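The values are calculated or read from the model by the stated rules, or taken from the named source; none is laboratory data. Being a predicted model, the structure only gives us computed values, none of them experimental. Glycine also receives a Cβ, built like all others from the backbone with ideal geometry; neighbour counts cover every protein chain displayed.
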Amino acid sequence: MEREELKKLIKDVSSLMSISGFVRRNYDEFSRLLGEGFDEIYGTPTGGMVLVRRCRKKNAPAILVDAHLDEIGMMVTEVIERGFLRVTSVGGLDTRILQSGEVAIWGGDGKEDRTFYGVVSSTPPHLQSPGEAEKLKPVGELFIDTGLSDEEAKKFIRPGTPVGFYPVYTDLQNGMIAGKGFDDKACVACAAAAIRSAAKEELWGDVYLQLSNFEEDGSHMGGAAAGAFAIDPDCALTVDVNLGKTPDTKSSETVEMNAGPSLTLSPFTDRAMTLALASAAGEAGVKYQYSVVSRSAGTNADVVNVALRGIPTVDAGLPLKSMHTSCEVISMADAEDLCRLVTLFVTSGKVRDAL
């Protein structure tokens with residue numbers, strides 16, 4: 001897939017709402033954007049999706065590729081006067097960037113879905129008491145201004161309505177792009193593009209692309225692990241974003257931008273398959289880097305590897321800056337290399353032989 005085509009796919013997929021617990025609301029649109037070239041698409045009981053591409057080989061192994069489709073956001077707790085809303089957070093929302101932020105509210109009246117736009121209200125400094133400006137308000141004390149009348153707000157927006165960042169995407173310099181939802185929908189787009197671009201005769205097994213739910217709210221077991229249990233794969237590759245280096249971060253806790261996707265070395269990821277994938281990447285000229293973690297990767301690899309009888313799992317990460325904000329930043333060069341890495345995982349004899 002050409003860079004501009006991949007960039008468009010990443011933006012299109014990331015712009016759709018998929019707050020944890022609401023992934024299936026855009027099931028048809030995700031299927032349309034991602035489903036080309038797959039043999040089967042189905043929803044899961046936990047609200048995720050699975051796209052299947054079969055190799056048509058007899059007694060073929062089952063390969064799981066997992067990327068979570070859910071994103072951070074908010075949920076309405078109360079509709080109050082003059083079209084203002086109270087909300088609570090869903091996932092690890094960074095409250096530092098919320099005030100004056102633009103949001104989308106996915107409401108409806110029970111008959112049709114309606115999307116409204118709003119802003120997180122900010123108290124002018126003229127009206128703040130001494131020291132108030134230095135205090136970070138919790139999400140529950142912020143208000144969203146919709147501009148709607150009381151009647152309209154209460155008709156279309158109810159407690160439990162999902163709220164997310166307004167989708168705006170900006171091309172930065174040197175192939176970087178910024179916008180909302182790249183965690184983890186940029187990886188979803190890359191994985192789908194990689195799997196559907198591989199020739200069926202090159203696949204060494206039937207590939208199950210699991211677009212899991214509930215990663216951002218911390219209940220991995222409800223999405224990725226349950227899905228892995230249902231698929232019962234012979235091995236797995238989990239694909240998520242990884243923390244990109246910035247001047248205010250520790251080198252030991254982050255990975256380089258434009259240095260390729262990361263491969264996790266840890267006690268709980270499969271060392272033989274990880275090194276086999278790295279070797280195949282090196283031979284193919286695909287950039288990669290290692291990320292060393294001693295306990296948790298903070299990804300679905302933490303639970304996929306212990307599902308069922310245990311699943312040999314490789315964990316790959318797309319470097320990303322400004323995580324959990326409305327302007328996450330990724331490199332298209334890294335995204336392209338992630339596509340190549342996923343393709344190698346499902347086609348390389350080195351990876352197959354390491355199983």
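Listing for the model above:
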{"item": "Filter result (in contact with a Ser or Thr (Cβ under 8 Å, 6 or more places away or on another chain) and in a loop (DSSP other than H, G, I, E, B)) within the range 86-100", "result": "G91, D94, Q99, S100"}
{"item": "Residues of the range 319-355 satisfying the condition of being crowded, with 22+ Cβ neighbours inside 10 Å, in contact with a helix residue (DSSP H, G or I) (Cβ under 7 Å, 6 or more places away or on another chain) and of a type in the set (G, A, S)", "result": "A335"}
{"item": "Those residues of the range 170-206 which are assigned to a helix (DSSP H, G or I), within 30 Å of K57 (Cβ to Cβ) and of a type in the set (A, V, I, L, M), in sequence order", "result": "V188, A189, A191, A192, A193, A194, I195"}
{"item": "Leading residue by the ranking (farthest from G108 (Cα to Cα)) among those in the range 17-37 that are assigned to a loop (DSSP other than H, G, I, E, B) and out of contact with any Lys or Arg (no Cβ under 8 Å at 6 or more places or on another chain)", "result": "G35"}
{"item": "Helices (runs of 4 or more DSSP H) completely within the range 292-355 that count 3 or more residues being under 15 Å from I177 (Cβ atoms) and either at pLDDT 95 or above or touching a Cys at 6+ places or on another chain (Cβ under 6 Å) (or both)", "result": "332-347"}
{"item": "Single residue of the range 207-219 satisfying the filter (crowded, with 21+ Cβ neighbours inside 10 Å and out of contact with any Gly (no Cβ under 9 Å at 6 or more places or on another chain)) that is nearest to A60 (Cα to Cα)", "result": "V207"}
{"item": "Answer residue from the range 266-282, given it is in contact (Cβ under 8 Å) with a residue 24 or more places away in the chain and over 18 Å from D337 (Cβ atoms) and is surrounded by the fewest Cβ atoms within 10 Å (Cβ to Cβ) among those", "result": "P267"}
{"item": "Within the range 1-45, tally of residues that are among the β-branched types (V, I, T), more than 16 Å from K180 (Cα to Cα) and in contact (Cβ under 8 Å) with a residue 60 or more places away in the chain", "result": "1"}
{"item": "Count of residues meeting criterion [of a type in the set (A, V, I, L, M, F, W, C) and not in a helix (DSSP H, G or I)] in the range 270-291", "result": "1"}
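Here's the yes/no breakdown for (1) assigned to a helix (DSSP H, G or I); (2) surrounded by fewer than 24 Cβ atoms within 10 Å (Cβ to Cβ):
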residue	(1), (2)
G223	yes, no
A228	yes, no
P233	no, no
L237	no, no
L243	no, yes
T246	no, yes
T249	no, yes
S252	yes, yes
M257	no, yes
